[in-house]
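Data first, discussion second: the structure below is written as structure tokens.
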Amino acid sequence: MGGTSSPCASCKLLRRRCAKDCIFAPYFPPDDPHKFAIVHKIFGASNISKMLQELPIQQRADAVNSLVYEANARMRDPVYGCVGAISYLQNQVSQLEMQLAVAQAEILCIQMQHEEEPSPNNNYLPECQMEHIDNNNLQQYLSFPNSSTSLSVMQDPLKRDHSLWT
């Protein structure tokens, strides 16, 4: 029973007697059965047991947390899992970096316009020409790499697109 009076969540779900030295008991308490159920559904109890046995005891809790996170991500996105969420967030960062660069360029252009005084002989003030720069060709003007080029997954991890499965 892993030192508790009721069996751990894994032994409860698998309908077996929880031994005193149950490898699952410290990480899957009886009051959180969903935690083991989702990990078991994705990875299988035997695989989880093998993974935990191969790790030092001090790393097992982190491994279980990672397995739970990945299992939850796999439930939302069966193909990409947490990689899909990471890629989606990297794409958002890239888009925000581009928006920031455009805003900074516009600020610089406006500052330059205000610094130049029109001479009495010349009524010309330089104007910013930001309209011709769109998000597709903006990368050539920026000095930072696009963080989304390493992964081509551009899917919102919180939304499922069932049209891809039909």
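Here are the numbers:
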quantity	calculated
Qualifying position, being more than 18 Å from ALA9 (Cα to Cα) and open to solvent by less than 90 Å² (accessible area, probe 1.4 Å), among MET112, MET51, MET98	MET98
Single condition GLN53 does not satisfy, out of (1) touching a residue at least 12 places away in the same chain (Cβ under 8 Å); (2) out of contact with any helix residue (DSSP H, G or I) (no Cβ under 6 Å at 6 or more places or on another chain); (3) farther than 28 Å from PRO78 by Cα	(3)
Residues satisfying the stated conditions in the stretch 16-46, i.e. surrounded by 13 or more Cβ atoms within 10 Å (Cβ to Cβ), assigned to a loop (DSSP other than H, G, I, E, B) and of a type in the set (Gly, Ala, Ser)	ALA19, ALA25
Selection count where residues are open to solvent by 60 Å² or more (accessible area, probe 1.4 Å), assigned to a helix (DSSP H, G or I) and not small (Gly, Ala, Ser), scope the stretch 57-89	12
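For every residue, the table says whether it meets (1) at pLDDT 90 or above; (2) open to solvent by 40 Å² or more (accessible area, probe 1.4 Å); (3) of a type outside the set (Lys, Arg); (4) under 30 Å from PHE36 (Cα atoms).
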residue	(1), (2), (3), (4)
LEU55	yes, yes, yes, yes
GLU116	no, yes, yes, no
GLU127	no, yes, yes, no
ILE133	no, no, yes, no
SER150	no, yes, yes, no
THR166	no, yes, yes, no
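The values are calculated or read from the model by the stated rules, or taken from the named source; none is laboratory data. Worth saying up front: this structure is predicted, and the values here are computed from it rather than measured. Note that we place each Cβ from the backbone using ideal geometry, even for glycine, and neighbour counts take in every protein chain shown. What goes into the accessible areas is simple: the full protein's heavy atoms, side chains included, and nothing from ligands, DNA or RNA. Shrake-Rupley method; radii C 1.70, N 1.55, O 1.52, S 1.80 Å.
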